[in-house]
Amino acid sequence: MFRALWRRPLTEPSSERRATVTGVNLRGSLQLRHVDVGSCNGCEVEVTSALAPHYDAGRFGIRLVASPRHADGLLVTGVVTHNMEGPLRQTLAALPRPSVIVACGDCAVNGGIFVGAQGVSATLDQIVEVDVSIPGCPPHPRDIVAALRTLGGR
Amino acid sequence: MGWFLAALVLCGAAALVGAGLPRRVRVAGSALLGAAGCLIALAVALRTLIAGDTLTWHTTQILPFTGLSLSLDPLAAWFILASSFVGLAACLYNVGYAKGAMASRSAQSLFMVFVLTLIAVPAASSIMSLMFWWELMALSSLLLILTDQSRHREARSAALWYGAMTQIGAASILMGLLVMTSGGAGQSFADLRSHSSSLSPLAQSFAFVLVLLGFASKAGAVPLHVWLPKAHPEAPSPVSALMSSAMVAMGVYGIIRVGEDLLHGGTPWWWIAVALLGVVSAFYGALHATTSTDLKRLLAYSTIDIIGLVLIGVGAAGALKDNGQLGAAHVALSAALLLVVAHAAFKGALFLGAGAIERATGTRNLDLLGGLIHAMPVTALVVAISAGSIMAVPTLSGFSGEWLLLQGLLHGFATTSTPTVIVMLLGVIALALTGGLTAVAFVKSFGIGFLGQARSSGARDAREVAVSMRLAMLLLVVPSVALGVAPGLLVAMLSRATTSALGGKLASPLDAGTGLVLSRLGGAIAPAALLVGLVAVMALAWLLNQTLAQRRARRVEAWGCGRDLQTSRMQYTATSFAEPLQRVFADVLRPQSDVEVTHVAESRYYEQSLMYENRVVDVLEARGYRPLIAAAQRLGRVARGLQNGSIHRYLAFGFVALVVILVVVG
Amino acid sequence: MIANVDSLSQGLATLLQVIVVALGGPLLVGLMAKVKARAEGRVGAPISQPLRDLRKLLAKERLHARHASVVLPLAPMVIMATSVVAVAITPLVSTHPLLGSSADILVIVYLLLTGSAAAALAGLDPGTAFGGMGASRAMTIGALAEPALLVAVIALSIQSGTSNLPGIMASTLANPQWVLGPSRLLALGALLIVVIAETGRIPVDNPSTHLELTMVHEAMILEYAGPELALVSLGEAMRVGLLFSLVANLFLPWGIATHDTALALALGTVVVALKTAFVAVAVALIEVRSAKLRLFRLPELLAGGFVMSVLAVVTGLVTR
Amino acid sequence: MTSTYIATLELAAGAVLLSAVMTLWRRGVRSIVSMLSLQGVALAAVAMVLGRHEHENALLVTGVLVLVVKGLVVPTLLRRVSRLDPRSRESRPLVNVPASLVFAAALIVLAYVVGTRITALSPTSATHLAPLGLATVLVGYFMLVTRRRAVSKIVGLILVDNGIALVTFLLTSGVPLIVELGSSLDVLLVVVVLQFLMVSMRRHSDTDRLTEMKALHD
């Protein structure tokens, strides 16, 4: 295990950063509260790998945190179901301002294949204004990292 | 001395007023007289501590045959300082508190008698005077426990335990003191003092052990404590405050007075025994305090804890003195005395606070309280500061005492006697163990009682209590802060008290100043400077909050992980707060818990109701005293068989006894 | 030992200490995160990341829960104040900060306990389930760590004959053979366990957990946002810095500035930073190597620390 | 020279006691055995340091012997025994771990009280440390009484043996070589017998928990 300390890390080299989303200045630190409002867990797998050694979103100051109070925004995956609409609204209310909303995956961006399905109550943008969308079903971890870097500013 | 007598007379007059006047003026009148008496006693005690002299007084008018003798030296004055201050606050508190049974003639009168005895006991200077005040103190407090009729059963049981223990204790003290008179000494303390060195070491030790048993049971030392967590909570709150802060101190006073003063310090093992009692009490009391959910019972156990620390100080001082380490002995005894006064103030305030909570909500069960800080800000402030003091938060009085105690123990390690070193080590360990446990107990009582949401309708509808009660509580907060910020102001008085106890020249290594400085031993604390630093940083942080973000914080719903339903029942209770520790110390506490599940009729996979009950009973009472009582009862039944009414048998008993005596004597 | 030092330079040294720890504490937290990341094969965030987080938090808004009282905004200030004052009086960079003569080790211990109690009360204040759970657990761990801490500290004090921190350091500097004595090493072991418990690191608590049910410290501060969260985090980071550098200084006091020249202070800063970084890397490696213990296995760990500290006292008495 | 001598001696004697306490602390049989090995090394160090200081070659030889037998051979054998059941842990000792640690602390204090009486007879820098050996004996005995696994019981026995050896080294500055040889071989024999027993026990009853073996079979 200690050998990892001397060896080259498993993370891929970082690419060029895309332009920062205007109006948000988080100065190189982005904490997100992850809310799964009705996902198939495909996006969760990709979010996990975005944070895992190979893509290592952590090196850009991106972290998932345990409370919306600690967060700069929400990372929403899945399509908004009836059961999760209430919790989502509560989580939104618990965010300190200024805050950002990230829709991760097609379901969160526009409802994806679940549009109009029985258990779905709304799409995310009907509930809250989305700042960054990450399309894909599921999105590639590299895309997730790149999109989040436009918010984090690093 | 005239002023001191005036104080006693005023308290006595207060008792008469309480017994005589009609209801309307009774409470206020007796409180006024009692408070005046306490105030004068306080002033006299301070004068004696500053002047360092001894006042005496004797009369044959009051007690037949022997007369009543009083004497006020710095040691006695120190304890009167504590009891008269708490007495003052309790009298004031009583004005707002006394309603119903507590406002009755008998209760008011007994209350004032109790205050009177607490001031008089340390001043007694002969065996008969001491026993007179002592028994009066026991009797008045015993009857006061029975005042509150709403919890009839508990109060009666508490009174029974208390009465039995205190009478056995008093008999033990009396026997011990009488042993000291053997060989023809008089009954005044001056006679005993000059005579005691001519007693054989065995007689001295015998006397000390008897006296120690009596005083230690009054002080609530484990295993003689069983009455305390029953009696202190059941008494009306001003009485509990007096019992817990002033009356237990009388036990400590007795041990110091007889052991150090009258018997001149004796041998080291006496004091090792005292310190060991202290170690056991401190740990046992702290542990039970953390798991108690009845607020007043928690406070009673915490009294056992603090008195344990005091006894560690007293024991360490005695052992160190006998090993020739007078400097460290002074420090340890100073710590014990400082803790007595600090404890009197903060425990008094806490018991009065508990009384306020009980008055406002109708319960003292922490599991049913919560959110009281909004309705009762003054009580919350008082309890917070007093709890901080008992947790030894730096710049509050408990810290000064505990720091000094640790210094005494630390420098006591320099002794060469191994048993004494072990006492120092055990003392340090007890201090360390109780420090954390006390923090749990009082974070629990403040956090569960005053913060969060109300857990019952009583707590929801609480209102702040009467002005006189609030004033009395605030009065008791003053020493907690003053002794914490500037403990050095009392150093001169403390040195006189320790010197009058340990004898010899004025030899305390404590330097005068605002903080506590032991320049010869290389230790010092400067709490005033700490306070300035703490306040400055807090002010800076507040400014930061005000300037950086928006000025007022936005009020939102508490974050409950997105749950739609959040009720006050989802909060941790006092029981659940202490549950992890209860589990860790299950071997000592032996908690009992029952789970009862009722299923719905249709399926046993669905529960209709679930009842969980958790009890922590006093192991020493259940395993130690109950079997003893049961054995005594069996013995009684056997003895009953001996007497069948036959005159022949009774005569035969007498004859056998005579023969036995002759055989033994011959 | 503190004679004839003018209070201005003492004050400057104190200020230097506070600034060094206020900046260094978050850097230490970042360093530990970096070591852990590298051990996992990640690049990891730069060690200055905690400072960036703090800077960002200061610009956000404060939120208070509906049932919360004055305790909620007060607690971060108390945590911060106890940490700062403890840092100010402890000899870290210089042996004689302002108030060094009254820098008693017991004051430090109880200041930190006060900070923990404030955090626990803040956890109970909003009246939520997890806040109470965190408070209960944190106080339990604190209560079990306290004996080991105090007795270990007493072991050091017995050896030096004083519980005054500059005094302990001065006597260690004068008696270098103590450092490798069994009493010191045992006390060091006990203190390391306590420090891990008090700073909430694995195996006692996992500072980066997201699962509320496994939380200890995080659960208490779930309600804080913005500048108040920054105060709590900074206070905690300073506590980490204080405890680590105190352990380093108690056992290897060399390099600390014994007089207040600029050169000595600069050297003292560098040396204490290196020593503390060493401790931090060691703790991070322990974290990497171990799994978080169940709450009810913790008494074993802390009882071990307690026995080590008792052993330290007894061997200290035997070998004196 | 003397100060290094004292420091090393203190350190080694302290390590003997510490490793005894650690055996109570750890649950895994393997880590218990490594603590035992550490203790053997520390004990050997005590003997050798004393031998060098007193210029006693017999003590030096004893030290080497202790190092080989108690530091290497016995732990290796015990490790082989424990390998029969690689996951073997002292999962539920008769007295739980925190309680036994607190008990150990009390025993150490007791050893200090009694030990200082003994050492007061001939106070030198070596005899001062004898309470540590006494404490090791008590802790070992405690382990012998409260642990369920056969291996742990043997470890307890060896702890007692090591503690006695430490006391004798320190008090008399050396055990006759032949005595130490005898006791070391005894220990070795016990371990070998244990190995046989374990193998056969396992074959018959699939456990080595002694509490589960109340009834004897033919």
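Bear in mind these aren't lab numbers, they're just calculated from the coordinates by the rules spelled out. Predicted model only: the values in this text are computed from it and were never measured. For neighbour counting, all protein chains shown are included, and Cβ atoms are generated from backbone atoms with ideal geometry for every residue, glycine included.
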| message | Ignoring everything except DSSP H segments at least 4 long, calculate the 222 nm mean residue ellipticity for chain A; use -39,500 (n - 2.57) per segment, divide by total residues, nearest 500. | response | -8000 deg cm²/dmol
| With the dipole of the protein assembly as shown worked out from charges on the C-beta (+1 for Lys and Arg, -1 for Asp and Glu) around the Cα centre, which of C:Ala135, C:Leu301, A:Val120 lies farthest toward the positive end? | A:Val120
| Roughly how many whole Å is it from the C-alpha centroid of region B:118-164 to that of region A:93-111? | 69
| said: Compute the angle between helix C:105-124 and the longest alpha-carbon principal axis of chain C, please, reported from 0 to 90 degrees and rounded to the nearest 10. | reply: 0
| said: Show log10 I(q)/I(0) for chain C at q = 0.16 Å⁻¹, two decimals, from a solvent-free Debye sum over equal Cα scatterers. | reply: -1.42
| field | Sum of -39500 (n - 2.57) over DSSP H runs of 4+, divided by residues of chain B (222 nm, nearest 500) | value | -22500 deg cm²/dmol
| remark: Going from the fewest other Cβ atoms within 10 Å to the most, one would list D:Lys70, B:Lys347 as D:Lys70, B:Lys347
| said: Along its three principal axes, how long is region B:1-180 when you only count alpha carbons? Whole Å, largest extent first please. | reply: 46, 35, 28
| task | Sort D:Met143, B:Met175, C:Met169 so the one with the fewest other Cβ atoms within 10 Å of its own Cβ comes first. | result | B:Met175, C:Met169, D:Met143
| field | B:Leu540-C:Thr214 pseudo-label distance in nm [points 7 Å out on the Cα-to-Cβ vector] | value | 3.7
| note | Rounded to the nearest 5, the percent of antiparallel DSSP beta bridges in the protein assembly as shown equals 55
| said: If Rh is defined by the Kirkwood formula over all Cα pairs and Rg also comes from Cα, what ratio Rg/Rh do you get for chain B? | reply: 1.00
| task | Just grab the label-to-label distance for C:Arg289 and B:Ile50, each label 7 Å out from Cα along the Cβ direction, in nm (one decimal). | result | 6.4
| message | Can you compute the modelled spin-label distance between C:Ala282 and B:Arg156, with each label point 7 Å from Cα toward Cβ, in nm? | response | 6.5
| query | Separation of region B:405-465 and region C:133-195 by C-alpha centroid, Å? | reply | 20
| request: Note down the Stokes-Einstein diffusion coefficient of region B:450-543 in µm²/s, whole number, using a Kirkwood radius over alpha carbon pairs, 20 °C, and 1.002 mPa s. | output: 124
| What does the helix-only formula give at 222 nm for chain C: each DSSP H stretch with n ≥ 4 adding -39500 (n - 2.57), the total divided by the residues, and the result rounded to the nearest 500 deg cm²/dmol? | -24000 deg cm²/dmol
| task | Would you list the membrane-span-like helices of chain B, meaning whole DSSP H runs whose alpha-carbon atoms span at least 30 Å along their axis and whose mean Kyte-Doolittle value is at least 1.6? | result | B:418-450, B:527-548
| task | For C:Lys56, list the aspartates and glutamates whose Cα falls under 18 Å from its own Cα; do not include residues on the same chain fewer than 8 positions away. | result | A:Asp72, C:Glu223, C:Glu228, C:Glu236
| remark: The distance between the Cα centres of region B:55-106 and region B:337-368, in whole Å, is 21
| query | Along the charge dipole of the protein assembly as shown, Cβ charges K/R +1 and D/E -1, which of B:Leu146, B:Leu32, B:Gly183 sits furthest on the positive end? | reply | B:Leu146
| Ranked list, fewest to most other Cβ atoms within 10 Å of each Cβ, for B:Thr575, D:Thr127 | D:Thr127, B:Thr575
| message | Restricting to bridges with both residues inside region A:26-152, how much of the DSSP beta-bridge set is antiparallel, in percent to the nearest 5? | response | 10
| query | Under the definition of partner shielding as Cβ atoms of other protein chains within 10 Å of a residue Cβ, what is the mean value for peptide C:284-296? | reply | 1
| query | Efficiency by 1/(1 + (r/R0)^6): what FRET value for B:Arg626 and B:Asp367, r their Cβ-Cβ distance, R0 = 30 Å, to the nearest 0.05? | reply | 0.65
| message | Let me make sure I get this right: for region A:26-152, a, b and c are the square roots of the gyration tensor eigenvalues over alpha carbons, sorted descending. Under 1.5 in a/c it's rounded, otherwise prolate if a/b > b/c, else oblate. Which is it? | response | oblate
| task | Compute log10 of I(q)/I(0) for the protein assembly as shown with the Debye formula, placing one identical point scatterer on every Cα and leaving out solvent, at q = 0.07 Å⁻¹, to two decimals. | result | -0.82
| Dipole size in debye (nearest 20) for region A:1-141 around its Cα centre, Lys and Arg Cβ +1, Asp and Glu Cβ -1? | 680
